[in-house]
Amino acid sequence: MSVAKPLPHDAAKLHVTGKARYVDDAPLPRDALHLAFGLSSIAKGRITSMDLEAVKSSPGVVAVLTADDLPFANDVSPSIHDEPLLSDGSVHYLGQPLFLVVASSHRAARVAARRGEVSYTEEEALLTLDAALATDSRFEDGPRIYQKGDAAAAIAAAPHQIEGQFELGGQEHFYLEGQAALALPQEDGAMLVNSSTQHPTEIQHKVAEAIGLPMHSVRVEIRRMGGGFGGKESQGNALAVACAIAARQTGKPCKMRYDRDDDMVITGKRHAFRISYRAGYDQEGRLAGVEFIHLVNCGWAQDLSLPVADRAMLHSDNAYAIPAIRIESHRLKTNLQSATAYRGFGGPQGMVGIERLIDHIAFDLKIDPVELRRRNYYDAPEEMSHGGAAPRSATSPRNISGKMISRDNTTPYGMEVTDFELHALTDQLLQSAKYSARKAEIAAWNKTQGDLKRGLAFAPVKFGISFTLTHLNQAGALVHVYQDGSVHLNHGGTEMGQGLFQKVAQVAASRFGISMQQVKITATDTAKVPNTSATAASSGSDLNGMAVKAACDTIRDRMAAFLAQRHQCGLEDVVFAADQVRIGTEEISFAAAAKQCYEGRISLSATGFYKTPSLEWDRIKGQGRPFFYFAYGASITEVVVDRRSGENRILRTDILHDAGASLNPDLDIGQVEGGYVQGAGWLTTEELIWDQKGNLRTHAPSTYKIPACPDRPDIFNVALYKGENREDSIYRSKAVGEPPFMLGISAWLALSNAVAQFGDGYPGLDAPATSEEIWRAARRLSHGV
Amino acid sequence: MTITFHLNGEEVVLKDQDPSATLLDFLREERGLTGTKEGCNEGDCGACTVMVTDKTGAKPLNSCILFLPQLNGKSIRTVEGAADNDGTLHPVQEAMITHHGSQCGFCTPGFVMSMVTAHKNGATDHDVQLAGNLCRCTGYAPIIRAAEAAAEAPVPQWISKESLPAATSAGNMPGSSDELAALYAAKPEARLVAGATDLGLWVTKGLRDLGEMIFLEGCDDLKQIEITDDEIRFGAMVDMNRMREAITPLHPSYGEMIRRFASQQVRAAATVGGNIANGSPIGDNPPALIALGARLHLRQADKRRDIALEDFFVDYGKQDRRPGEFVEAVSLPRQEDSLRVYKLSKRFDQDISAVLGAFNVTVTGGQVATARIAFGGLAGTPKRASHVEAALLGQPWSQSSITAAVAEMGKDFTPMTDMRASAEYRLESARNMLIRYFSDISGNSQSVLEVQA
């Protein structure tokens, strides 16, 4: 069976030979035109005049469009229609598209786009959380509050209290392939759009609105993206819509791709947060009550900020059973790029909040932070899947006879945690990483050092799987079996490097009992599978794998019924395996079986559909079961820091991650390794800086530093936890796209642990913990300044 | 301008070529070779890496900031030419598949070409070879596993034998420094192009028209490195990888700094002369050269003059260079090694320094005899810390002298705050570098780069 095999990425050979085709690689018709946006140079105000004569007369320019030239909707928002494609006269951030240049070449369009003479009446821009809070500039009428019990009372009644606050920066996606789209006008006004998007249906929807046609007249296709990470969930809308409008107007194919600097200046990033925390706990560090306030920097448009901020709240417990908790979330509107989806979708921010709090308490009580975490873990389920009694939380109350009393194992939003794997997973990781011995060795080494200190930290991850907007948890597939036995399939998911196509193909091959060469997945296409959800929320394999399974099973059942009848045997005697079909005592090739079915006039094409069961969620009340299950993992990171310069480095990382019964262990390990490094980058070197005018100063890789090759841990041990999903997911696997990102939190905690060696206080690092931030914290601890 | 090169084994002759066209645009737009990707268009991500072979061997170069005339007489291999014509994959391609070195695949062609080049050159310091290739998906671990796995495989014959065409010599492509001197004297308004790692961005990001360009690539006599008992002389067109090789045995700390100077691809293009002549206040090479007492050799037509390197940098954006005058070489006196160079940046590799400090203090009879201390990133030019130096001269080489000298740093520099660092951090780090130098020289200091788990 193909499932569970560590096969390479389906396009690996195309990747390494340069033959994998991305949007910008498609050969263009000779008359194709190229687009670029003219951008605002202020962060807030109104346009008083726009002189575009120099733009129009710039060499190669074919047309210049402003909002007045748009035929229908001027909107590219994925949520509440608050994002005009081109400014309606008001300016909301520096870098906002004001006008659209259509030219004979990419360069001609870029050159012309800089020649606009725009005058503004400038208004005071809100560039910080404080400024937004002071003017009550926000989305939604007030803060969202989720709570369980009376947190304030629990904190007050607890023997110990702690409080703190820190800044948590945003993050640029830095997908290697920038945003790109191509629109090819078809007969009868229809439009074919090739877009680097995680959400083809949304592109279809927004393009249809913009050119005034029903969705049936717009077809969107995407074979692959050069990375997405959430940055292509809504941020591709503007390019696709611009191309479609220009193509409609000129009758010619139109392509747009952002230059890297434009991409970083125009598009949204991960939401920056300020997190304040307060907690009450006992001498052993058991949490009694916790309060969080999240100030969320949403930027200028709503985009996906509400569900992102919700998910941050939903991960404010992470792995811990907190008796009383209150989370207050302010979604603040500022004059910066509109923050958007980014791997983890708010989850990482919420999780950093609670991990910081726990770390602070452990420091305060001088208890090993891992031990303190385990004391607060949720309880494990009564029975492990491998049999035997499950380890439980050490803090679970016992009655006099020593028997465990089941305690409240529900999340702050009222969902029972029934699949908590972290007790066993933590034990295994501590052992394989030699945590205790290394901790002692590091402490001894640190005593011999003056300017350098090493630090070690552990961080667990519990990440909720499912879209919190429940209706998105659906997927479709279309499968054809041809008469030569080859299988062609499409599903609603998009390939952005995560290996979704290969995993889904493995499912299809397994259902038909055929080899992988027999299965082909082609570009995601809204004409093949309609009404798709974004490939996001780690849901790709779970949803599309199930939909494909359903379609394959429909065809397989039809084939089996026909073959059983034709060969006069029972249905249960028709078995599909090893490229053969065994029918009673006979065995024929799958190809021969397909041919027989075709000749027997059996339909060999089917759609499949799946919707995640058991979900129920009220996002206003903050109550329900938003998630089908949780994915787990844990990491231990060791770092070294230099107090003189703040320079630091990851020396070793050990990870154990729960991918359930993995569909493809090697691809999953790839997600874990890559997720960790990206998460660690977020919390260390990746710093977004805007100047006082709201101008993003880190708008290229020269100034925005994602991890480079030597920044990965010197020693990097990654393994998958042996287990299976307790819920009925596709082959009992678990989603693996986002959860490993949060394993990077241990890098940040390890830096804090190292800095703490320079003095007596708690380092209180902000994130990202750049060298400068570490230098500052180390100086504060050693010199009190 | 007529340019001749080999592209994946085939000869290409370009007549009347726009000299400011980049190789990347040519490959993708003119030749339909779309395997080579545009990731950042400024030489920072490596997605556009190709292998370029010239008389001195194979180098990885960023094709996005490489002007076509720089390729005259050379041979280019793109990802489409990494495998054999019959489809047999290169060992690094095989290894990248087996070890799951690609996810989204967009950075992969660039990685493959960096790896093909390193493999051909027998280089196994993979982290150094690949520091200029960014990947956002894999976390690099599987790519390094692939590089290690392929290291032992023999170089395929289609890669080992790379023939070179004869360079054409039409237009502004002088073949020697004498030709250059005459040409530039006649056209002092022209733009001199050495490695184009800075000028390339004027075109790709600034969208500027560079006007008339003179390409120095053909001036082989400017690529000499001469090491005598008295001095080391680097021709202006010596690239930074070659400089690293030459300087490492003499001044290891300097060599280590150059290892972190940009990336393999950028160092293969960037030149010693260019890094000085562009006058950047954040170029990493000038402070180190100044600390070693470098002299700059300038030439205009047949007139030559030498100046102390620090005197070349007059002010921000202003250098002591006359119309038609160009940098011919830089020379250093041979000396005992007491140089230490500290590069502070947000990321270790391929990052512009927040502060670059170079320290060269000699001690005679327990007293400071000479002190040359220079910094980049603290002022509008690379600059010596003259107050700090003065505070050290003649003093005992001791902790207390260092403490006194450190206090002078604020008189030398008033750094600025920008996206790389705050003024405060810059100044304080500069002070700490001097403290570190003192313990370093006495063998008591370690860098985080040397610590292992």
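Compute the Cα gyration tensor for the protein assembly as shown, then decide on rounded, prolate or oblate, letting a ≥ b ≥ c be the square roots of its eigenvalues: rounded whenever a/c is under 1.5, prolate when a/b is larger than b/c in the other cases, and oblate in all that remain.
Oblate shape, in that a/c is at least 1.5 and b/c is the bigger or equal ratio.
How large is the helix-only mean residue ellipticity at 222 nm for the protein assembly as shown, computed as the sum of -39500 (n - 2.57) over DSSP H runs with n ≥ 4, divided by its residue count, in deg cm²/dmol to the nearest 500?
On the way: 36 runs with 350 residues, N = 1238.
Counting only the DSSP helices, I get -8000 deg cm²/dmol.
Anything in chain B that counts as a DSSP H helix reaching 15 Å or more along its axis (C-alpha) with Kyte-Doolittle mean of at least 0.0? List them, would you? Mind showing how you got there, number by number?
On the way: long enough: B:108-120 (18 Å, 0.42); B:423-441 (27 Å, -0.36).
Those that pass (Cα extent of 15 Å or more, hydropathy at least 0.0) are B:108-120.
So, in nm, how far is label A:SER119 from label A:ALA561 when the simple model puts each one 7 Å beyond its Cα toward the Cβ?
It is 7.5 nm.
Tell me which trypsin sites (Lys or Arg not before Pro) from the stretch A:546-604 have a DSSP coil assignment and no more than 11 other beta carbons within 10 Å of their own.
Here the sparse-neighbourhood loop sites are A:ARG601.
Set the bar at 32 Å for Cα to Cα. Now go through B:LYS74/B:LYS343; A:LYS56/A:LYS206; A:LYS722/B:LYS120 and name every pair that lies beyond it.
Numbers: B:LYS74/B:LYS343 34 Å; A:LYS56/A:LYS206 27 Å; A:LYS722/B:LYS120 41 Å.
Checking Cα-Cα distances, B:LYS74/B:LYS343; A:LYS722/B:LYS120 exceed 32 Å.
How about the stretch B:1-54: which trypsin sites (Lys or Arg not before Pro) there lie in a loop by DSSP and see at most 10 other Cβ atoms within 10 Å?
Answer by residue number: B:LYS15.
Among the Cys residues of chain A, which have no other cysteine Cβ under 4.7 angstrom away?
A:CYS298, A:CYS552, A:CYS569, A:CYS597, A:CYS709
If contacts are Cα pairs under 8 angstrom and at least 6 residues apart, what is the relative contact order of chain B in percent?
Details: 968 pairs, mean separation 52.9, N = 453.
Relative CO of chain B lands at 12 percent.
How many angstrom lie between the Cα centre of the stretch A:69-103 and the Cα centre of the stretch A:660-737?
Each part reduced to its Cα centre gives a spacing of 32 Å.
Would you mind computing, in nm to one decimal, how far apart the modelled labels at A:ASP573 and A:GLU53 are, each placed 7 Å from Cα along Cα→Cβ?
8.9 nm
Going 7 Å from the Cα of A:ALA4 toward and past its Cβ, which residues in the stretch A:511-528 have a backbone nitrogen under 18 Å from where you end up?
So the set is A:511-516.
When the dipole is taken about the Cα centre of the stretch B:1-165, and only Lys, Arg (+1) and Asp, Glu (-1) are charged at their Cβ, what size is it in debye, to the nearest 20?
My answer is approximately 160 debye.
Towards the positive end of the charge dipole of the protein assembly as shown, with charges on Cβ (+1 Lys, Arg; -1 Asp, Glu), say which of B:VAL52, A:LEU65, B:THR2 has the farthest Cα.
B:VAL52
Just list whichever of A:LYS13/A:LYS269; A:LYS453/B:LYS411; A:LYS19/B:LYS161; A:LYS693/B:LYS318; A:LYS255/B:LYS205; A:LYS439/A:LYS705 have alpha carbons separated by over 22 Å in the model shown.
Check vs 22 Å cut-off fails for A:LYS13/A:LYS269; A:LYS453/B:LYS411; A:LYS19/B:LYS161; A:LYS693/B:LYS318; A:LYS439/A:LYS705.
Which whole DSSP H helices in chain A pass both tests: a Cα extent of 30 Å or more along the axis and a mean Kyte-Doolittle value no lower than -0.5?
Those that clear 30 Å and a mean of -0.5 are A:540-566.
If you stretched the chain out fully between A:ASP427 and A:LEU133, how much longer would it get, using 0.36 nm times the residue separation minus the C-alpha to C-alpha distance?
101.5 nm
Give me the net charge for the shell around A:HIS92: Cβ to Cβ below 15 angstrom, other residues only, Lys and Arg +1, Asp and Glu -1.
Neighbourhood net charge equals -3.
Please give every one of the lysines within straight-line cross-link reach of A:LYS148, meaning a C-alpha to C-alpha distance under 22 Å, and leave out same-chain neighbours fewer than 8 residues apart.
Reachable lysines: A:LYS462, A:LYS621.
With +1 on each Lys and Arg Cβ and -1 on each Asp and Glu Cβ, and nothing else charged, work out how big the dipole of chain B is about its Cα centre, in Debye to the nearest 20.
In total the dipole reaches around 780 debye.
With the contact rule set at Cα under 8 Å and sequence spacing of 6 or more, what percent relative contact order holds for chain A? Before the final figure, lay out the partial values.
Values: 1959 pairs, mean separation 114.8, N = 785.
Result for chain A is 15 percent.
Cα centroids of the stretch A:412-434 and the stretch B:168-230: how far apart, whole angstrom?
Cα centres, the stretch A:412-434 to the stretch B:168-230: 62 Å.
Enumerate by residue number the GluC sites (Glu not before Pro) in the stretch B:202-251 meeting two conditions: DSSP loop (anything except H, G, I, E, B), and at most 16 other Cβ atoms within 10 Å of the site's Cβ.
Those that pass, being in a loop and sparsely packed, are B:GLU212.
Going by Cα centres, the stretch A:747-766 and the stretch A:185-204 are how many Å apart?
50 Å
In the neighborhood of A:LYS269, defined by Cβ-to-Cβ distances under 12 Å, what is the net charge if each Lys or Arg adds +1 and each Asp or Glu adds -1?
-3
Straight distance only, please: which lysines reach the Cα of A:LYS595 with their own Cα at less than 25 Å, same-chain residues fewer than 8 apart left out?
Excluding near neighbours in sequence, the set is A:LYS520, A:LYS528, A:LYS549.
If each residue of separation counts as 0.36 nm, what is the full-extension length gain between A:ASP714 and A:SER90 once their alpha-carbon separation is subtracted?
In short, 219.6 nm is gained.
Quick check for me: using +1 on Lys/Arg Cβ and -1 on Asp/Glu Cβ, what's the dipole size of the protein assembly as shown about its Cα centre, in debye to the nearest 20?
Dipole size: approximately 880 debye.
Read-outs: derived from the displayed coordinates by stated rules, not from any lab. If you're wondering where the values come from, they're calculated on a predicted model, not measured in any experiment. Here Cβ is always computed from backbone atoms with ideal geometry, including for glycine, and neighbour counts include all displayed protein chains.
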